[in-house]
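Take a look at the structure below.
The values are calculated or read from the model by the stated rules, or taken from the named source; none is laboratory data. The shown structure was predicted, so the numbers you read here are calculated from the model rather than taken from an experiment. Glycine also receives a Cβ, built like all others from the backbone with ideal geometry; neighbour counts cover every protein chain displayed. Keep in mind that these areas ignore ligands, DNA and RNA; they rest on the heavy atoms of the full protein, side chains included. Shrake-Rupley method; radii C 1.70, N 1.55, O 1.52, S 1.80 Å.
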Amino acid sequence: MKKSAHKPLIGILGGTFNPIHFGHLRMAQELSEALNLNKVRFIPSANPPHKPTPLVTAEHRSAMVKLAIADNPLFELDDCELRRTGASYTIDTLQSLREELTENVSLVLFMGSDAFTKFNTWHRWQEIIDLCHIALVRRPLVANKAPLPNVLETFLRNHYTEDVNDLQDSSTGFVTMQSITPLDISSTAIRNALQYNHSARYLTPNNVLEYIDTHQLYHTTIT
Ligand code: ATP
């Protein structure tokens, strides 16, 4: 257990969650344990800047996140990006979290390796590490892809730590890479399965599947 002198650590998992699946949930669970986190906030992206506009509304995607995490006291939904207009930039979310929480909290932004390969295209990406730490996890599909852009190699060299205590000792500034159970699950694969009337059982919780069914969310769309 964490000693009380340590800063509280809050994990942040932003995503389109179109829909949420066990890959997201398992990543959050395993990172919580590996990094000794106090909470994980799931933050659905209302208007993802790097993806085509999802046909399923942010309200539906957020409702599915709420259902998926309902039985885990460590997890909570933060719908702050649904309350903003315009593109949902992570830097804006982190800044508003910093205003809401005190400086004495460590924020740890979770990222799959696929997302990290494009991190240098994110809005004001170089400022993000001044507001949080980053925890990277390898994603099966992209494990053997091309090397990182030089600028991200340098970024990693400057911020990388293997000592998870660093994330408690400072509230921002470190990048760690954690091994988790590789689950080759994606929202894209779930949308595709449902569009062709295949089952998405065992890829996402049953209450999410029921919600999708009730609202007929993916049966005619693939984006
Ligand atoms: P899509 O297939 O629509 O692109 P996705 O499955 O990648 O969606 P997102 O909501 O875009 O899901 O992902 C949010 C974050 O979770 C990203 O950082 C992504 O890398 C990570 N992530 C998603 N699925 C997995 C997985 N199976 N294992 C590890 N990380 C994952």
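Brief remarks on what is shown
- Residue match in region 47-58 (condition: within 13 Å of the ligand (Cβ to nearest atom), open to solvent by 60 Å² or more (accessible area, probe 1.4 Å), in a helix (DSSP H, G or I) and under 27 Å from L167 (Cβ atoms)): no
- Taking each residue of region 101-112 that is under 14 Å from H6 (Cα atoms) and within 16 Å of the ligand (Cβ to nearest atom) and looking for partners that are aliphatic (A, V, I, L, M) and outside any strand (DSSP E or B) with beta-carbon atoms closer than 8 Å, six or more apart or interchain, yields L107/L94; L107/L97; L107/L101; L107/L131.
- Single unsatisfied condition, I12 versus (1) open to solvent by 60 Å² or more (accessible area, probe 1.4 Å); (2) of a type outside the set (D, E); (3) touching a Ser or Thr at 6+ places or on another chain (Cβ under 9 Å): (1)
- I91 meets the conditions (1) in contact with a helix residue (DSSP H, G or I) (Cβ under 7 Å, 6 or more places away or on another chain); (2) under 27 Å from D213 (Cα atoms) in every case but one. The failed one is (2).
- Taken over region 14-33, the criterion of being more than 6 Å from the ligand (Cβ to nearest atom) and among the hydrophobic types (A, V, I, L, M, F, W, C) is satisfied by I20, F22, L25, A28, L31.
- Screening region 117-223 for helices (runs of 4 or more DSSP H) wholly inside it with 2 or more residues that are within 27 Å of Q95 (Cα to Cα) and more than 16 Å from the ligand (Cβ to nearest atom) returns the ranges 125-128, 150-159, 166-169.
- Hey, E76 surrounded by fewer than 17 Cβ atoms within 10 Å (Cβ to Cβ) and either assigned to a helix (DSSP H, G or I) or charged (D, E, K, R) (or both) or not: yes
- Check on G23, outside any loop (DSSP other than H, G, I, E, B), in contact with a strand residue (DSSP E or B) (Cβ under 6 Å, 6 or more places away or on another chain) and within 24 Å of D114 (Cα to Cα): no
- Residue identified as within 17 Å of I10 (Cβ to Cβ) and at pLDDT below 95 among T90, T102: T102
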